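Trainee: Before we start, here is the structure in question, set down as structure tokens.
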Amino acid sequence: MPSPLARFAVVCLQTRPEKIDKKNDTKTLNKKDTTKPAPTKEIERASIKSVFEPKSIAVIGAGRTRMTIGREILHNLIEYGFDGMVFPVNPKARVIHSMKCYRSVLEIPDEVELAVMCVPKQLVSQAIDDCGRKGVKAIIMITAGFSETGAHGKELEERIFGQIRQFGMRMIGPNCMGVINTAPDVRMDATFAGTLPLEGSIGFLSQSGALGVAILEQSRDMNLGLSSFVSLGNKTDVSVSDVLEYWRDDERTKLILLYIESFGDPFKFSRLAREIVKKKPIIAVKSGRSAAGARAASSHTASLAGMDIAADALFETAGVLRVDTVEELFDYAQAFAHQPIPKGDRVAIMSNGGGPAILAVDAVVAYGLQVAEFTDETVQRLGKHLVKEASLTNPLDMIAGADHESYRKILNIILEDENSDAVIVLFVQPITIDARLVAKAVVEVAQKRCDLGKPVLCCFMGKEDELSGIRILREANLPVYEFPEAAARSLAAMNRYREIQNRPEGTVRHFEDVDKIRAAEIFDAVIADKRPRLTDTEVRAVLEAYGFPMPPTAYVSEPNELGRIGETIGYPVAMKIASEQIIHKSDVGGVVLDLRNERELLEAYAKIKERVHKLPDKVTEWGVTVQRMVEGGREIVMGSTFDPLFGPLIMVGLGGIYVEILKDVTFHMLPLSDVCAMEMLRSLRGFPILEGVRGEPSIHMDTVVEMLGRLSQLITEFPVIREMDINPFMVFPESERCMAVDARIAIEG
């Protein structure tokens, strides 16, 4: 049950951050501060260190009354054993918590490196000014009531940011819960949380102060030790990337967990994360998923993107493991914090019940792992220790009578099996078996055989109490889950991290054979005409300039030209409506396929004309394109959409008229390497279709990777492109047959 202070924090620290752009902000009210030079990177790094490793702390707004934030922060600093000087600051008190109290930070005779500020917001400006004059290096601003409250609060926040920059200080917050560092030579709990943290190797960042209270309590309950914890609040100054930079160089931090609501600078985040994940996993929850923005999108690519796809693309590019819930975050944390990364994806499963074993197998397969096949030697060894009713294959069902000795012997055997890379231990407590003894047996073997480097994840199903054995497992740093699916999902995340660590950098190709000048002329003409989209003819010219093969096509405005055009192109052909007013041709019946002579062409033209005239919105200018049919093959879609924060995103997926229904697509940030392009294809649910099923040959993957590379270059070189898709791009086993059949491009209006 949260303490009264924790419940108060939920009310007063709700975070609705709005990142202030320090480089481009033109609304800063304190104009004299905008002329001050920003701190150098060396100063930024030093001041961030002052947040986590200060030698002295002033608590400005320290309180005399228990269960107030100022009092509890001071109490936590003392209770946790901060290894430095602490100075309470309160103009209305002489002594607080048996410590001499100062009316102002300026009266403190010693140096003050960090100030924790929890004064009313109307006193913040003066307190910051005092800290600047004192030479304080960093501030943790607990005080709320700024941009999260509306326009006036944002104005106040911009003012205090100007003050912070003026004095060369750094600031966590405002509207945050504080910072913790469990290092033995620091021991700083500068928060008002009611739970003292355990020492460990997890760096935990929460943008929400309210959620931070729950995070600290849950971490302790699950025996997850922290290296440090930071609640960023409104992120006015110190950002997620700044904290990542600190944790990158912090040897105590082995695992990074994030709860974030916004990124700040996504490109800095991506660069740092890609560097960090080579050595330390990063697992993140990002809130704010929504597809509402898709309603206004005009292209397939944009409507598939929605608002949150950009975050997914960023995490994928950076190698960050994203989870949907805080519960999953803790599920992953258990495994990553205490178990080795598996060397492969083969999972052994042992259980005392068939049902849980089947659930585990289904989950293992669903999350892309392999069910290990035991060696003959392992099967023989198992047969010596199990009753005849037990299963000797994976999943291993030892039946309900399996006791702690059975678990001890069997776990040791399957850990030694050379065909297994990880083990999931399942246990459902029968009335005749002591779960605590089973837990101790599992702990004993897992610790004894840690030399094998194989993770052991447990699932003890049933009520968690003193008799369940769960506490024994947690105290021994063995991850334990309520249901098999969570264990399998966590193990799959560990395997995915192994793949991220081992994936090559890849090459971002630059194609010299493109005609950039020709493409630029087309875009310049469209911009000059103030048109939002390119015509079909212009789209075709741009794609051909960048090396996209396309079937022979001709634009026809008069039906008497159809026969000649059909003969020139060669039957069979497809006819498509061509009008700037019509984006999705199939939606209005504007596509007729497999036309084999002039009569069929004329009939198709008449049908399209009739359909155009019946449209509710009058189409003033239109014609048709006649294009040689591309028969057979498989359909993919590729394209891009522009995100205001993340920039252009590239997309690929299974294509055709059902692309927005199936939504089997994936997005990636630019630039796109050949390795990432192939990973995008492999991530599709329909990738087996592209590889070939039921005897079909695989499509020419190298050609698709090349086309994605060319698309990446086109989008990068022409940032005026806002939405684009090529759908379908027909793919075949033969490279020369692959080509773009239809496409559209919208530019910045």
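The values are calculated or read from the model by the stated rules, or taken from the named source; none is laboratory data. Just so it is clear, the structure is predicted and the values come from calculations on it, not from any experiment. Cβ placement follows ideal geometry from the backbone for every residue including glycine, while neighbour counts extend to all protein chains displayed.
Trainee: For ASP421, indicate whether it is surrounded by fewer than 21 Cβ atoms within 10 Å (Cβ to Cβ) and in contact (Cβ under 8 Å) with a residue 12 or more places away in the chain.
Mentor: no
Trainee: Could you identify the single residue in LYS137, LYS154, LYS121 that is charged (D, E, K, R) and within 23 Å of VAL186 (Cα to Cα)? Give the derivation first.
Mentor: Working: LYS154 fails: within 23 Å of VAL186 (Cα to Cα); LYS121 fails: within 23 Å of VAL186 (Cα to Cα).
Result of the check over LYS137, LYS154, LYS121: LYS137.
Trainee: Here is a check on your reading of the model: is GLU466 closer than 30 Å to ALA318 by Cα and surrounded by fewer than 21 Cβ atoms within 10 Å (Cβ to Cβ)? Talk me through it step by step, then tell me what you get.
Mentor: Numbers: closer than 30 Å to ALA318 by Cα: no; surrounded by fewer than 21 Cβ atoms within 10 Å (Cβ to Cβ): yes.
No.
Trainee: Right, next: Of ARG518, ARG531, ARG509, which residue is touching a helix residue (DSSP H, G or I) at 6+ places or on another chain (Cβ under 7 Å), among the charged types (D, E, K, R), surrounded by fewer than 16 Cβ atoms within 10 Å (Cβ to Cβ) and touching a residue at least 12 places away in the same chain (Cβ under 8 Å)? Steps first, answer last, please.
Mentor: Details: ARG531 fails: touching a helix residue (DSSP H, G or I) at 6+ places or on another chain (Cβ under 7 Å); ARG509 fails: surrounded by fewer than 16 Cβ atoms within 10 Å (Cβ to Cβ).
Going through ARG518, ARG531, ARG509 in turn, just one is touching a helix residue (DSSP H, G or I) at 6+ places or on another chain (Cβ under 7 Å), among the charged types (D, E, K, R), surrounded by fewer than 16 Cβ atoms within 10 Å (Cβ to Cβ) and touching a residue at least 12 places away in the same chain (Cβ under 8 Å): ARG518.
Trainee: From the list ILE180, ILE164, pick out the single residue that is closer than 20 Å to SER231 by Cα, part of a helix (DSSP H, G or I), β-branched (Val, Ile, Thr) and assigned by TED's automatic domain parsing to the domain that holds LYS49.
Mentor: On the way: ILE180 fails: part of a helix (DSSP H, G or I).
The match here is ILE164.
Trainee: In segment 209-234, which residues are of a type in the set (A, V, I, L, M) and not in a strand (DSSP E or B)? I'd like the intermediate steps shown before the answer.
Mentor: Kept after step one, since they are of a type in the set (A, V, I, L, M), are these residues of segment 209-234: 210-211, 213-216, 222, 224, 226, 230, 232.
Once the filter is applied, which keeps residues that are of a type in the set (A, V, I, L, M) and not in a strand (DSSP E or B), segment 209-234 yields ALA210, LEU211, VAL213, ALA214, ILE215, LEU216, MET222, LEU224, LEU232.
Trainee: So which residues in segment 479-493 are more than 16 Å from SER351 (Cα to Cα) and out of contact with any Leu (no Cβ under 8 Å at 6 or more places or on another chain), if there are any at all?
Mentor: ARG489, the sole residue that qualifies.
Trainee: I want to confirm something. Restricting to segment 719-735 and keeping residues that are touching a residue at least 40 places away in the same chain (Cβ under 8 Å) and charged (D, E, K, R), which single residue is farthest from GLY686 (Cα to Cα)?
Mentor: ARG722
Trainee: Which of the following residues is closer than 22 Å to VAL539 by Cα, in the same structural domain as GLY709 (by TED's automatic domain parsing) and touching a residue at least 12 places away in the same chain (Cβ under 8 Å): MET651, MET678?
Mentor: Working: MET678 fails: closer than 22 Å to VAL539 by Cα.
Sole residue among the options that is closer than 22 Å to VAL539 by Cα, in the same structural domain as GLY709 (by TED's automatic domain parsing) and touching a residue at least 12 places away in the same chain (Cβ under 8 Å): MET651.
Trainee: Pick from segment 199-218 the residues that are at pLDDT 95 or above and under 15 Å from TYR80 (Cβ atoms): which of them is surrounded by the fewest Cβ atoms within 10 Å (Cβ to Cβ)?
Mentor: GLU199
Trainee: Moving on. Among the residues of segment 135-168, which ones are more than 33 Å from the chain's Cα centre (by Cα) and farther than 24 Å from ILE180 by Cβ?
Mentor: Narrowing segment 135-168 to residues more than 33 Å from the chain's Cα centre (by Cα): 135-136, 163, 166-167.
Result: GLY135, GLN163, GLN166, PHE167.
One line per residue, one yes/no per condition, for (1) assigned by TED's automatic domain parsing to the domain that holds ARG471; (2) β-branched (Val, Ile, Thr); (3) modelled with pLDDT of 95 or more:
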site	(1), (2), (3)
ALA400	yes, no, no
TYR407	yes, no, yes
LEU415	yes, no, yes
ASP421	yes, no, yes
LEU426	yes, no, yes
VAL442	yes, yes, yes
PRO455	yes, no, yes
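Trainee: All but one of (1) outside any loop (DSSP other than H, G, I, E, B); (2) modelled with pLDDT under 90; (3) buried (at least 16 other Cβ atoms within 10 Å of the Cβ); (4) not charged (D, E, K, R) hold for ILE20; state the number of the condition that does not hold.
Mentor: Condition (1) is where ILE20 drops out.
Trainee: Taking the options THR568, THR553, THR625, name whichever one is of a type in the set (Val, Ile, Thr) and without any contact (Cβ under 8 Å) to a residue 24 or more places away in the chain. Before you say what the answer is, go through the steps one by one.
Mentor: On the way: THR553 fails: without any contact (Cβ under 8 Å) to a residue 24 or more places away in the chain; THR625 fails: without any contact (Cβ under 8 Å) to a residue 24 or more places away in the chain.
Among THR568, THR553, THR625, only THR568 is of a type in the set (Val, Ile, Thr) and without any contact (Cβ under 8 Å) to a residue 24 or more places away in the chain.
Trainee: Being surrounded by 21 or more Cβ atoms within 10 Å (Cβ to Cβ), of a type outside the set (A, V, I, L, M, F, W, C) and either at pLDDT 90 or above or not assigned by TED's automatic domain parsing to the domain that holds SER239 (or both) is the filter here, so list the residues in segment 260-278 that pass it.
Mentor: SER270
Trainee: Among what's in segment 542-554 and is in contact with a helix residue (DSSP H, G or I) (Cβ under 6 Å, 6 or more places away or on another chain) and not in a loop (DSSP other than H, G, I, E, B), pick the residue that is surrounded by the most Cβ atoms within 10 Å (Cβ to Cβ).
Mentor: Here the answer is VAL542.
Trainee: Taking the options THR625, THR620, name whichever one is loosely packed, with under 15 Cβ neighbours inside 10 Å and under 27 Å from VAL573 (Cα atoms).
Mentor: Details: THR625 fails: loosely packed, with under 15 Cβ neighbours inside 10 Å.
Going through THR625, THR620 in turn, the sole match is THR620.
Trainee: Confirm whether GLU598 is over 28 Å from ASP529 (Cα atoms), surrounded by fewer than 17 Cβ atoms within 10 Å (Cβ to Cβ) and at pLDDT below 90. It would help to see each step written out before you state the result.
Mentor: Working: over 28 Å from ASP529 (Cα atoms): yes; surrounded by fewer than 17 Cβ atoms within 10 Å (Cβ to Cβ): yes; at pLDDT below 90: yes.
It is true that GLU598 is over 28 Å from ASP529 (Cα atoms), surrounded by fewer than 17 Cβ atoms within 10 Å (Cβ to Cβ) and at pLDDT below 90.
Trainee: For segment 710-749, what are the residues that are among the aromatic types (Phe, Trp, Tyr) and surrounded by fewer than 20 Cβ atoms within 10 Å (Cβ to Cβ)?
Mentor: Selection gives PHE718, PHE732.
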